[in-house]
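A.B. asks: Please find one structure pasted underneath; my questions will follow.
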Amino acid sequence: MSTLVSLPCFARWALCAAALALTFTLGFAEDAKPDPQQKFDAIQARMEKAQTDFMEKLMAEQDRAKQRAMYDSRPGLEFAAEFKTLAVETKGTEVAAQSWMKVAEISGEFDQEEGFKSAVETLIAEHITSPHIAALPAMIGGMGWTLGDDKVEPLLQSLLAKSAHKPVQAGAIFELAQIAMRSDKPEKKAQTRAWFERLSKEFGDLKSAYGKDYKSIAAGFLFELDHLQIGQIPPDFEAIDENGVKFKLSDYRGKVVVLDFWGFW
Amino acid sequence: MLPHERSLVKRLQSQPFALIGINSDGDADKVKKILKDQDITWRQSIEGSTRGPWPTKWNVKSWPTIYVLDAQGVIRYKNVREKAMDEAIDTLLAEMKGAKK
């Protein structure tokens, strides 16, 4: 400060002007450069546009074989690459969390096992407290159908062990419970009840993303486990037919019965 | 599904067999119209929607979901379709004949 005061008047003025100019330049630079959230939104908007345009073209194509080929080169992976770049640039921020979620989602849709796994592992390691990972358990569980349950189970276990966020924990337990239920290994299937009971006991009042509380969700699965497995006799059920006539499942004892839950839609 | 079920019901009309549709399309009037248009002769339970009482109680998560029960009411097969459904039913009908002997 003392040097500044001791400078001649014009020199002080010049310094102030330079400082002012610098502030403006920096200010402008910041304005001109989109912030990370805007970047994320922009990629998202371009991806949605590309997908809408693609769907229109796909619908217009009459030839099935050509349609198939078009579908195989559908837009998506190029945007996963962009999201990944953004995630790396913004490491540790909420934008990075959202970006890694997109990388996981797109990689999953395109059956890219490595891309999916590394995105999920990064989310668990760096974004375990982010609100943006709420949909992660269901996303991982859903990938079990394509990658195989044995591949996604460790990811769910790790998510469950590390998250302190109730909706994420409940979601992970729900997916692990369903994996146990559909397993053909008896020792794994035997864990189904414990998973659903834990879901009901610890998270019963919590609502899933579909709006139903976990207590009634668990009750539905436990009914299925207890009464609707091969070799079991389901409890009687009363229904009303298309003519308004009541009938019971037990009316059909003595016959081979096919129950077809269906809709013409 | 429907063409197979139509021929199945026709083929087994004199057998101890029943196909029951548990329908989630809407009210009875709506379903009756579908039954008429699609030449569906077998009985339906009118559930109103996918959240009707039977699919809810039985935790149905995807449609169609199929259960095949034997004459004692035991669940013997799940989600068998077309040829696999035919084989399942024929096996159970043969079991019944065997038991009568």
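Here, each number is a calculation from the coordinates, and none is a lab measurement. These figures come from a predicted structure and were not determined experimentally. With ideal geometry, Cβ positions are generated from the backbone for all residues, glycine too; neighbour counts draw on all protein chains shown.
A.B. asks: What distance in nm separates the two pseudo spin-label positions at residue A:94 and residue A:206, each 7 Å out from Cα along the beta-carbon direction?
C.D. replies: Distance between label points: 2.1 nm.
A.B. asks: Further, regarding this structure: FRET efficiency for residue B:32 and residue A:226, Cβ-Cβ distance as r, R0 = 30 Å, nearest 0.05?
C.D. replies: Calculated transfer efficiency: 0.30.
A.B. asks: Could you tell me which of A:237, A:219, A:93 has its Cα farthest along the dipole of the protein assembly as shown towards the positive end, charges placed at Cβ (Lys, Arg +1; Asp, Glu -1), taken about the Cα centre?
C.D. replies: It is A:237, whose Cα lies furthest towards the positive end.
A.B. asks: Kindly identify the protein assembly as shown as rounded, prolate or oblate by the Cα gyration tensor criterion: order the square roots of the eigenvalues as a ≥ b ≥ c, call it rounded if a/c is under 1.5, otherwise compare a/b with b/c, prolate if a/b is larger, else oblate.
C.D. replies: prolate
A.B. asks: Rounded, prolate or oblate: which fits the stretch B:2-92 when a ≥ b ≥ c are the square roots of the eigenvalues of the alpha-carbon gyration tensor, with rounded for a/c under 1.5 and prolate only if a/b beats b/c?
C.D. replies: It comes out oblate by the Cα gyration axes.
A.B. asks: Moving on. What net charge is computed for the residues neighbouring residue B:36, neighbours being all others with C-beta under 12 Å from the C-beta of residue B:36, Lys and Arg scored +1, Asp and Glu -1?
C.D. replies: -1
A.B. asks: Relative to the longest principal Cα axis of chain A, at what angle does helix A:94-109 sit, 0 to 90 degrees, rounded to 10?
C.D. replies: Rounded to the nearest ten degrees, it is 40.
A.B. asks: Give the shape of the stretch A:21-160 as rounded, prolate or oblate, defined through the alpha-carbon gyration tensor: a ≥ b ≥ c are the square roots of its eigenvalues, a/c under 1.5 means rounded, and otherwise the shape is prolate if a/b is larger than b/c and oblate if not.
C.D. replies: oblate
A.B. asks: Here is a further query. Among A:156, A:58, A:136, which one shows the biggest mean-square fluctuation in a GNM of chain A, springs joining Cα atoms closer than 10 Å?
C.D. replies: Comparing A:156, A:58, A:136 in the GNM, the peak value goes to A:58.
A.B. asks: Work out the length of the dipole vector of the stretch A:34-128 about its Cα centre, built from +1 on the beta-carbon of each Lys and Arg and -1 on the beta-carbon of each Asp and Glu, and round it to the nearest 20 debye.
C.D. replies: Dipole about the Cα centre, nearest 20: 200 debye.
A.B. asks: Further question: Cα to Cα, under 17 Å, and not fewer than 8 places away if on the same chain: which aspartates and glutamates meet these conditions relative to residue A:207?
C.D. replies: Within the straight-line cut-off, residue A:207 pairs with A:175, A:197.
A.B. asks: Evaluate peptide A:235-241: per residue, the Cβ atoms of other protein chains within 10 Å of its Cβ; return the mean as an integer.
C.D. replies: 5
A.B. asks: Assuming R0 = 25 Å, what is the FRET efficiency of residue A:65 and residue A:114, from their Cβ-Cβ distance, to the nearest 0.05?
C.D. replies: FRET efficiency, residue A:65 to residue A:114: 0.25.
A.B. asks: With r as the distance between the Cβ atoms of residue A:145 and residue A:85 and R0 = 45 Å, compute the FRET efficiency 1/(1 + (r/R0)^6) and round to 0.05.
C.D. replies: My answer for the efficiency is 0.95.
A.B. asks: Hey, rough spin-label estimate for residue A:135 and residue B:42, points 7 angstrom out along Cα→Cβ, what's it come to in nanometres?
C.D. replies: Distance between label points: 3.8 nm.
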